Structures are given as C-alpha cells and as structure tokens.
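The values are calculated or read from the model by the stated rules, or taken from the named source; none is laboratory data. Bear in mind that the values here come from a model prediction, so they are computed numbers and not experimental data. Reconstructed Cβ throughout: ideal geometry from the backbone, glycine too, with neighbour counts over all protein chains shown.
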Amino acid sequence: MKAMIVVTHLLGTGHLSRALTLARAFLAAGDEVTVVSGGLPVPHFKNVGIGFEQLEPVRSNGVDFSTLLTADGAEATPDMLLRREDQMLSILRRIQPDILMTELFPFGRRILRQEFQALLQAAKSMTPAPVVLSSIRDILAPPSKPKKVVFAEELVSRFYDGVLVHSDPDVVTLEHSWPVTAALQTKLCYTGYVAPPPPRLGGQLDQTVLVSAGGGSVGDALFAAAIQAASEMPQMQWRLFVGGAEARRGALQAEAADNVTIEAPHPEFRQFLASAAASVSMAGYNTALDVMQTGVPAVLVPFDDGGEVEQGLRADALGQMPGIAVLRQEALDAATLARAVNDVITTGRRAPRTQTMDGARETVQIAHQLRKAAL
C-alpha cells in the first residue's frame, strides 16, 4: 500500500518526530510511505527509505499560533500559502495514496485549515478514495471555544474514516483534554504510544544529568536554571541539548561552569538517556515516551508559555510514577531544580515501560484494516 502523512510542526519538532516514527512503521510493513512536512527542516532527523517532501516552511511566532512566519521571520503571505497548497495537492495526485493521514488536524493547526481542507476535498474526489485518518497525541490543547469542537467534529464526520489516538486509554483518554461526543467516539481508535524502538539498556550508569527541551528554540528558562543548578552539584556532569542557532548555544556555554557542556540535539539522545543519572526536560509527548522507555529518573518542567496546558496535564499523569518529579516553571530556579534532581536520583530508576509502546505498528495495522474494509 501507499501511505501519505501530512504534518506541520510550528514550534517544537515533536509532531514531525512522531510522523517519521509512523512512517518507519509503514515502511517496515512493506508499504511505500511519503511524509509531507510543512515546518522548518530538522537536519538531524533520519528519514532513510522514506519519501520526504518539504513544503515552503512556516513556523509560529513563538507561542502565538495565530500568526504564521516564514523561515526568515517574515509574515507568511497568502501567495506563499497558496503555493504550499498547490504543492500538497500535486504530491497527492502524484502519489495516489491508499492511506492519507493528517497529523493533529482537524483538532489543531486550524490556521492551516485552507490547505488541509483542500487536501481532504481532493482526496475525497479520487477514485478510489484513500482511507483518511487523523493522527493525534495522547493529550490535546483543550479547545478554548466551542466552535473549535464543532469545526473538528464536522470535518471528522465529513472526511475521516478514523481518529488515531496515540495513547493507552488505561493511562489517559482523549476526554482528559477534549470533549468526546457519541459521534466522535465511534471514530476513535486507541493505538498505544507511538514510540521508536527502545534504546539498549543494561549498560553502566554514569553521573550525567541530561537537559533537553526538544529540537526547537524554546526552553531558555530551563537551560538557564540548569546551568545555575550545575554549580550546586559539581559532582555531576550536565549535558544540555539546545536547539536553534549555534549562537544560542555559544551564549549559554559562556555562562556555564566546567561541569556543563552545551551541544545541539543529537540523534542518539535516547541512548544517552538509558545510562544517565537523571533527565531534566519539558513534558512533550516524545520526551514522555523517552522517560517511560528508559526508566531514567526525571524532572519534568512542563511548557506553559502562552497559557499552554497540554504538557502540564501530561506531567501530572507521569508524576504519579516513582522517580519522576514535576516542577512548574513559576517555581523553577537553581535551588529547586538541584533539589528535584537529587530527589529523583535518590529514588532511583523505574523498570522501563514496555507495554502499549508499539503504537506505530498498531497504527499501521488499523490503517490496513480500514483500507481493506473500504475496498
């Protein structure tokens, strides 16, 4: 079968990371798969064997998701957005997918609704039409207005064969963050968590604290607090994985003590977690899976700029596990962070989670079943 996954990450890189994990699962099942990405390029992400199409990239203006910017910071023009739409439709016509998946839309990315709706309408008019699926994480940004719920429901009813919820319903259900009506409930398919294969475990543990904030340009307060906390814990090595420009990393390194290294996001980061003494991070979806799969003692500092609540909800759920502490941004400073890191290290490692972590393979099976049922 041929699968097409459409994703646009606007701030962090987690959406694209998850889409590529799904793509690798389709590839492993013998499918041809193409990822269409509308966010900024992420060079360290691997896409070997995957068809990869890059649209003219857009990003958000920080946490202001009502304004789209180009890669160089200019406001995206209507002409640019039309070019993106034309490119996306051209890819659809060329590929003729059996399975079309939109990441997050229509539960988010409403600012790009014109191009997504054009894509959905074009797919519906194909003969045969592809199975159309929405791919969403465990917790969504709760809708701020009823019309957002209505918008999503109407499009799901009109265009979608299923909504793939990448969660374990025994841990968290979609109702935790989004109103689920009876009509929407019939479309939901829980896949388990979409996680990459687990890193190798069982090696010697080191005395390193890994600090990360995803691959984007967020996390300044977290990195600043970590650099200060490292001075209070000189017996530990602190590795900060900082996204964005090299100048950003250089400025942080200039403030850091000798037991701190600043580096760009690394493709082997998950393997580093497997042997680290502790992790300090935000609470994005992919980070949460890394923490669960490795059992690393972890301090979660959920991103809440601009009133964001998704990561806070996820952090609260994970904070029930031993060896995981939740530290809100308003309480973040060197002393509180150092104390939290010491506490989780003292608690020790958890058993790595293995159950319901194969959501990518389950996603492929569900998509195949729906496609076969539609023929």
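Out of all the residues in segment 134-156, is one or more assigned by TED's automatic domain parsing to the domain that holds T191, in contact (Cβ under 8 Å) with a residue 60 or more places away in the chain and part of a helix (DSSP H, G or I)?
Taking every residue of segment 134-156 in turn, none turns out to be assigned by TED's automatic domain parsing to the domain that holds T191, in contact (Cβ under 8 Å) with a residue 60 or more places away in the chain and part of a helix (DSSP H, G or I).
Determine which single condition G73 fails, assuming it passes every other condition in (1) in contact with a strand residue (DSSP E or B) (Cβ under 9 Å, 6 or more places away or on another chain); (2) touching a residue at least 12 places away in the same chain (Cβ under 8 Å); (3) of a type outside the set (A, V, I, L, M, F, W, C).
(2)
Residue under question is T21, and the condition is that it be buried (at least 18 other Cβ atoms within 10 Å of the Cβ) and either touching a Gly at 6+ places or on another chain (Cβ under 8 Å) or hydroxyl-bearing (S, T, Y) (or both); does it hold?
So T21 fits the description; yes.
Sort out for me the helices (runs of 4 or more DSSP H) sitting completely within segment 269-375 that have 2 or more residues that are surrounded by fewer than 19 Cβ atoms within 10 Å (Cβ to Cβ) and hydroxyl-bearing (S, T, Y).
334-347
Can you pull out the residues in segment 247-265 that are within 23 Å of the chain's Cα centre (by Cα) and assigned to a helix (DSSP H, G or I)?
Once the filter is applied, which keeps residues that are within 23 Å of the chain's Cα centre (by Cα) and assigned to a helix (DSSP H, G or I), segment 247-265 yields R248, R249.
Which residues, taken from segment 182-211, are among the polar types (S, T, N, Q) and modelled with pLDDT of 95 or more?
Q185, T186, T191, T208
Just the residues that are on the phi > 0 side of the Ramachandran plot and of a type outside the set (S, T, Y), please, taken from segment 333-361.
If the condition is that a residue be on the phi > 0 side of the Ramachandran plot and of a type outside the set (S, T, Y), then G348 is the only one that fits.
Within segment 172-216, how many residues turn out to be farther than 20 Å from V131 by Cβ and assigned to a loop (DSSP other than H, G, I, E, B)?
Adding up the residues that qualify gives 25.
Which pairs have Cβ atoms under 8 Å, sit 6 or more apart or on different chains, and link a residue in segment 34-61 that is under 21 Å from L92 (Cβ atoms) and assigned by TED's automatic domain parsing to the domain that holds R109 to one that is among the charged types (D, E, K, R) and surrounded by fewer than 16 Cβ atoms within 10 Å (Cβ to Cβ)?
Close Cβ pairs (under 8 Å, with a partner that is among the charged types (D, E, K, R) and surrounded by fewer than 16 Cβ atoms within 10 Å (Cβ to Cβ)) amount to G38/E56; E56/R83.
Could you please tell me which pairs satisfy a Cβ distance under 7 Å, a separation of 6+ or placement on different chains, a first residue in segment 247-263 that is in the same structural domain as A229 (by TED's automatic domain parsing) and more than 12 Å from Q228 (Cα to Cα), and a second residue that is aliphatic (A, V, I, L, M) and in a loop (DSSP other than H, G, I, E, B)?
R248/V242; R249/V242; R249/A264; I262/V242; I262/A256
Taking V309 as the residue in question, decide whether it is touching a strand residue (DSSP E or B) at 6+ places or on another chain (Cβ under 7 Å) and assigned by TED's automatic domain parsing to the domain that holds Q271.
No: the conditions fail for V309.
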